[in-house]
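Undergrad: This is the structure, below, for whatever I ask next.
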There are 2 protein chains.
Amino acid sequence: MQLTKFNKVVIFGVGLIGGSFALALRRANVVNEVVGFGRSAATLEQARQLGIIDRIGLDVAAEVCDADLVLLATPVGQMSDLMARIAPHMGARTLMTDGGSTKGDVVAAAYANLGIKVGQFVPAHPIAGAEQSGAAAARADLYAGKKVVLTPLPENSPETIARVRKAWELCGAVVSELTAQQHDEVFAAVSHLPHLLSFALVHDLAQRDNRDQLLSFAASGFRDFTRIAASSPEMWRDICMANKTALLGELADYMQELETIRRALAADDAKKLEDIFSLAREVRGNWAPQ
Amino acid sequence: MQLTKFNKVVIFGVGLIGGSFALALRRANVVNEVVGFGRSAATLEQARQLGIIDRIGLDVAAEVCDADLVLLATPVGQMSDLMARIAPHMGARTLMTDGGSTKGDVVAAAYANLGIKVGQFVPAHPIAGAEQSGAAAARADLYAGKKVVLTPLPENSPETIARVRKAWELCGAVVSELTAQQHDEVFAAVSHLPHLLSFALVHDLAQRDNRDQLLSFAASGFRDFTRIAASSPEMWRDICMANKTALLGELADYMQELETIRRALAADDAKKLEDIFSLAREVRGNWAPQ
């Protein structure tokens, strides 16, 4: 099996994640044909016109059976049904990966729907900005230098993992591996909780009679803190539900942290506040996005 | 009294706020002489060399008695002592303003220390970025298009308010007025609370054994959410303490908001989460920093 060439790649969901994957593989000159499936005929036609896909898929069975690689790039909530549709038609050489932001639920869906072909599926989470969405937002360099986390299954062979890893690396990504549980715990802490907190702050202010006055005085600190509160409500609802256990744990920790700060403030414990702020500043100052 | 010219301006604290005020008035060509005071001789000399001030002040009494305008641009915690030093020497025509981020405490300090001259002091809060600090960070355009909130006192005459307003407008600022209490409530909500929440998130992660792993997967959402956690611990300790009452109220509201979200998540109430996220997105999406 040649690692670095893909005769046929089939993409379910030709939006930002799926479309950028296709464009990146094309730019790397490692794919002969890209076939796209999706719920919207207009989006698929747009993706074809933008050169993201060569053809719009009509028959899942016919397209998947001889595909080298299938990418699931739909909202996570649709992946279970999609896997059930695809599984019977996957050829012996067909590998599958996905672009979902949560992994425990995707892995569970894979075990429930892929049967003995579960070993052909290597779950993945590309950590790439989702400010925009849709085929028109897709870019060949979306994954360049960005992290992609694989959460391989015990059923994956080393060769299968290596080939899926290579596909993401050919997109320019820096690939690492975690277990699905590790992944979901890490992202509950550094992504899902911050989104929840940002939504919560804006929602808290949004319900007030004087919200326009409040917002008229908000400045750059508020702007940055709440940028992620403009994210897709549906997507983040699904992520929160999918990663409920880890997120509830993070939320409990954070509420405890706030209670500690509240008590320090109420008790005029300026030293404690400064200690908390100082450690935060030190750690944040030494961190840079990778 | 001519509104738009200042023969002599005296600035206490020639850092970002004070230095930028001086540079802006100079660029507007409305000041003849700027005299600077500060705790650090090196900073004062730097400010002189950078053309921010004409002279380093040596004698508060001599410099303040014939000043048109005094700006207090030190940390808020120092303003009370400073006012006590300055008050006896303020001339009948000398006006005073400040650049503090909280106003209730500054107003209280004014009443405690300025005596019958309190009517010459118009408290102000310039809403201008404080990412950097120090004289070297001062810029003539720091206030251009930025909001400055005045919280006038009942003892201020309309002419006094108008002249201090004009000084900030000549710096390029968009000036509005609130009471000190309104100011502190508004900024507890849109600035002080977000800073506290951002510090709290980073501090929560910073204490963990796997913090390096966590931070290695943090991306742009985390970056923006935590940018303000790199702010000065001393400054934010003082702001939190100075605005304790309003901030405790905001913190309590926010913890209640988190509890609402926690319950929705624990109860699998996806609809409620989506409603919360949707209102937040709508309000955040329609807001733009002014």
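Each value in this text was obtained by applying a stated rule to the coordinates, not by laboratory testing. All values reported here derive from a predicted model rather than from experimental measurement. Glycine also receives a Cβ, built like all others from the backbone with ideal geometry; neighbour counts cover every protein chain displayed.
Undergrad: Report the residue of chain A with the smallest Cβ-to-axis distance, using the rotation axis that brings A onto B, in whole Å.
TA: A:224, 2
Undergrad: Treat every Asp and Glu Cβ in chain A as -1 and every Lys and Arg Cβ as +1, leave all other atoms uncharged, and give the resulting dipole magnitude about the Cα centre to the nearest 20 debye.
TA: About 660 debye.
Undergrad: Let me know the mean shielding of B:173-186 by other chains, meaning the per-residue number of their Cβ atoms within 10 Å of its Cβ.
TA: Per-residue shielding by partner chains comes out at 1.
Undergrad: Another one. Of A:50, A:181, A:210, which is farthest towards the positive pole of the protein assembly as shown's charge dipole, taken about the Cα centre with +1 and -1 on the beta-carbons of Lys, Arg and Asp, Glu respectively?
TA: About the Cα centre, the residue reaching furthest to the positive side is A:50.
Undergrad: Here is a further query. For B:249-255, what's the mean count of beta carbons from other chains sitting within 10 Å of each residue's beta carbon?
TA: 4
Undergrad: Could you tell me the extents of the stretch B:1-108's C-alpha atoms along the three principal axes, largest first, rounded to whole Å?
TA: 35, 33, 25
Undergrad: If you add up the charges near residue A:203, with Lys and Arg at +1 and Asp and Glu at -1, over every other residue whose beta carbon is less than 12 angstrom from its beta carbon, what do you get?
TA: Every neighbour counted, the sum reads -1.
Undergrad: Taking a label point 7 Å out from Cα toward Cβ, give me the nm distances from residue A:132 to the same spot in the other copies, shortest first, one decimal.
TA: Distances to the matching label points in the other copies: 3.1 nm.
Undergrad: Counting DSSP beta bridges in the protein assembly as shown, what percent are antiparallel, to the nearest 5?
TA: 10 percent
Undergrad: Considering the dipole of chain B built from charges on the beta carbon (Lys and Arg +1, Asp and Glu -1) around the Cα centre, which of B:79, B:219, B:91 is farthest to its positive end?
TA: Projecting each Cα onto the dipole axis, the largest value belongs to B:91.
Undergrad: I would also like to ask the following. Between residue A:266 and the same site in the other copies, what are the distances in nm, shortest first, taking label points 7 Å from Cα along the C-beta direction?
TA: 2.0
Undergrad: Out of B:140, B:126, B:108, whose Cα points farthest toward the positive end of the dipole of the stretch B:6-178 (charges: +1 Lys, Arg; -1 Asp, Glu; placed on Cβ)?
TA: Of the options given, the answer is B:140.
Undergrad: Among DSSP bridges having both ends in the stretch A:1-154, what percentage is antiparallel? Round to the nearest 5.
TA: Around 15 percent of the beta bridges assigned by DSSP in the stretch A:1-154 are antiparallel ones.
Undergrad: Further, regarding this structure: What percentage of all Cα-Cα pairs in the stretch B:6-178 are separated by more than 23 Å?
TA: 30 percent
Undergrad: With just the Cα atoms defining each centre, how far is the stretch B:214-290 from the stretch B:3-22? Give it in Å.
TA: 36 Å
Undergrad: Let me have the 222 nm mean residue ellipticity of chain B computed from DSSP H runs of 4+ only, each contributing -39500 (n - 2.57), with the sum over all residues rounded to the nearest 500.
TA: Per the formula, -14500 deg cm²/dmol.
Undergrad: With charges set only on the Cβ (+1 for Lys and Arg, -1 for Asp and Glu), what does the dipole of the protein assembly as shown come to about its Cα centre, in debye to the nearest 20?
TA: So the dipole magnitude of the protein assembly as shown works out to roughly 1220 debye.
Undergrad: Which of the aspartates and glutamates could a cross-linker span from residue A:166 if the Cα-Cα distance has to be under 18 Å and same-chain partners fewer than 8 positions apart are dropped?
TA: In chain and number order, the partners are A:33, A:68, A:98, A:141, A:177.
Undergrad: Relative to the other copies, what are the label-point distances for residue B:249, with labels 7 Å from Cα along the C-beta vector, expressed in nm at one decimal and sorted shortest first?
TA: Result, one decimal in nm: 3.8.
Undergrad: What angle, in degrees between 0 and 90 and rounded to the nearest 10, separates the Cα long axis of helix A:270-286 from the longest principal axis of the Cα atoms of chain A?
TA: 30 degrees
Undergrad: Scattering from the C-alpha atoms of the protein assembly as shown alone, worked out with Debye: what is log10 I(q)/I(0) at q = 0.10, 0.12 1/Å?
TA: Here the Debye-derived log intensity ratios amount to -0.86, -1.07.
Undergrad: Say the cut-off is 24 Å between C-alpha atoms; which of B:5/B:103; A:5/A:147; B:244/B:272 go over it?
TA: B:5/B:103; B:244/B:272
Undergrad: Using θ = phi - 60° and the Karplus form 6.51 cos²θ - 1.76 cosθ + 1.60, what ³J(HN,Hα) does each residue of the stretch B:180-191 get, whole Hz, x for Gly and Pro?
TA: Going residue by residue, I get 4, 5, 4, 3, 5, 5, 4, 6, 4, 6, 9, 9 Hz, with x marking Gly and Pro.
Undergrad: Separate question: Compute, for the stretch A:182-286, the length of the dipole vector about the Cα centre, with Cβ point charges of +1 (Lys, Arg) and -1 (Asp, Glu) only. Units Debye, rounded to 20.
TA: 240 debye
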